[in-house]
1. Top mean-square fluctuation among His190, His134, His27, Gaussian network model of the chain, C-alpha springs under 10 Å?
2. Rank Ala110, Ala119, Ala38 by mean-square fluctuation in a GNM of the chain with C-alpha springs under 10 angstrom and give only the top-ranked residue.
3. Under a crude label model (7 Å from the Cα following the beta-carbon direction), how far is Thr45 from Glu165 in nanometres?
4. Taking the Cβ-Cβ separation of Leu5 and Gln31 as r and a Förster radius of 25 Å, what is the calculated FRET efficiency to the nearest 0.05?
5. Given H placed 1.01 Å from N in the peptide plane, which residues other than close sequence neighbours of Ser61 have an amide H under 5 Å from its amide H?
6. Return the calculated 222 nm mean residue ellipticity for the chain, to the nearest 500 deg cm²/dmol, obtained by summing -39500 (n - 2.57) across DSSP H runs with n ≥ 4 and dividing by the residue count.
7. If the elastic network links every pair of Cα atoms under 10 Å, which of Leu153, Leu35, Leu140 fluctuates the most in the Gaussian network model of the chain?
8. Can you give the accessible area per residue of the chain, in Å², using a 1.4 Å probe?
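The values are calculated or read from the model by the stated rules, or taken from the named source; none is laboratory data. Since we're looking at a predicted model, the values are computed, not measured. Every residue, glycine among them, receives a Cβ derived from its backbone with ideal geometry; neighbour counts consider all protein chains shown. Heavy atoms of the whole protein, side chains included, go into the accessibility calculation; ligands, DNA and RNA do not. Shrake-Rupley method; radii C 1.70, N 1.55, O 1.52, S 1.80 Å.
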Amino acid sequence: MTMDLFDQLPHDPWIETLAPGAVVLHHYARQQAALLFADVIAITTAAPFRHLITPGGYRMSVAMSNCGQVGWVSDKQGYRYSSIDPLTEKSWPAIPARLMTLAVDAAQQAGFSQFEPDACLINRYEAGAKLSLHQDKDELDLRQLIVSVSLGLAAVFQFGGLAREAKCLRVLLTEGDVVVWGGPSRLNYHGVLPLKAGFSATTGAYRINLTFRRTR
Ligand code: MD3
Ligand code: FE
């Protein structure tokens with residue numbers, strides 16, 4: 001019975017610095033998780049999740065969508081940001097105010113006062129889905145930070161170095177964790193290990209990750 005009282009205590013975000021410029025705000029968005037997920041549902045009703053094809057011809061195990069002025073897309077022609085969703089042939093939905101505020105506030109908490117994202121990539125992981133080690137470098141100005149928000153099932157995130165061969169740190173990202181990637185860590189290799197099956201009260205069988213970016 002008294003456990004319920006503990007569960008309702010507001011817990012401060014626990015801040016962890018992985019590397020210079022890479023700051024994890026553990027649990028930062030946890031109280032808002034259901035509202036944030038409702039925003040994801042609204043966005044992906046207009047711009048449905050889809051499994052993109054890599055330039056090499058492989059179907060990505062992570063399903064993706066976007067909101068914002070542009071969205072990240074991949075096909076046999078390559079990776080790029082596009083103002084038109086190739087699936088619906090319409091503009092992407094705008095970034096909802098709640099998501100925008102969260103990203104800007106988190107950046108500020110991590111010490112970055114100037115962040116105006118123009119794109120938000122939404123990744124949906126089902127059991128077994130993974131993201132291989134990669135760098136994010138399709139943005140015009142690579143000095144601009146990226147803010148990531150995780151919802152639903154937890155996943156093991158791999159944080160490497162500037163070389164693919166560098167040893168990776170493993171970080172468990174759970175619901176409400178927000179990570180700010182700026183400064184020297186912006187070009188570090190990173191990935192997500194295959195998602196373990198489970199059930200989340202917020203998202204059901206899925207993990208959702210949102211990455212807010214300034215692309216131009
Ligand atoms: C470190 N997403 O969408 S978020 C991606 O959990 C991506 O879905 C992962 O990698 C996910 O590109 C990881 C954390 C993240 C995002 C961007 C980064 C870490 C980063 C850019 C530079 C360094
Ligand atoms: Fe990435």
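1. Comparing His190, His134, His27 in a Gaussian network model of the chain, the most mobile one is His134.
2. Between Ala110, Ala119, Ala38, it is Ala38 that shows the largest mean-square fluctuation.
3. Distance between label points: 5.1 nm.
4. That pair, Leu5 with Gln31, gives E of 0.95.
5. Hits under the 5 Å cutoff: Lys130.
6. -5000 deg cm²/dmol
7. It is Leu140.
8. 50 Å²
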